[in-house]
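Derivation of every value follows stated rules applied to the coordinates shown; laboratory data play no part. Predicted model, so just to flag it, every value in this text is computed and none were measured. In this analysis, Cβ positions are derived from the backbone assuming ideal geometry, glycine residues included, and neighbour counts consider all displayed protein chains.
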Amino acid sequence: MKEKKGSFFNKYLGGDVFSRQSVVKQLPFVLYVVFLLMLYITNTYIAEDVNREILTKNKILEDRHVEYVYNKSEITRMTKQSELAKILKNKGIKESVEPLKKITVVKETGKNKKK
């Protein structure tokens, strides 16, 4: 039997091709491929979200590092002897001009012994 020329389009557009037994046998594989494609697309969206979050966290980390370095330099500057002298001078405390003296205590061992 010879098919008509227009029947090719009628067969595929009409849905007759999906009712054949060979297509029905391939349906589980097609569904499996569709499922894998959905997983792939989902994985891509999740990876993009994670990447966006990592970029945000890196920006925050960089800002905190800059703040840390600035605060550390300020503390170092403020704890210099000359800076402390300026701050304490305004509060009425003067810097000592005498050098430090070492105080030593000598224990007396001979008087407190019992015989």
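The count of lysine pairs in the stretch 7-90 that are at least 8 places apart or cross chains, and whose C-alpha atoms lie under 30 Å apart, stands at 7. Scoring 94-102, 30-38 by mean Cβ neighbours within 10 Å over their residues and listing the highest first yields 30-38, 94-102.
For the pair MET78 and GLU53, a Förster radius of 30 Å applied to the C-beta separation gives a FRET efficiency near 0.20, rounded to the nearest 0.05. The slack between TYR45 and LYS107, meaning 0.36 nm per residue of separation minus the straight C-alpha distance, is 14.5 nm.
Given 0.36 nm per residue, what is the gain on full extension from PHE35 to SER96 after removing their alpha carbon distance, in nm? Full-extension gain reported as 13.8 nm.
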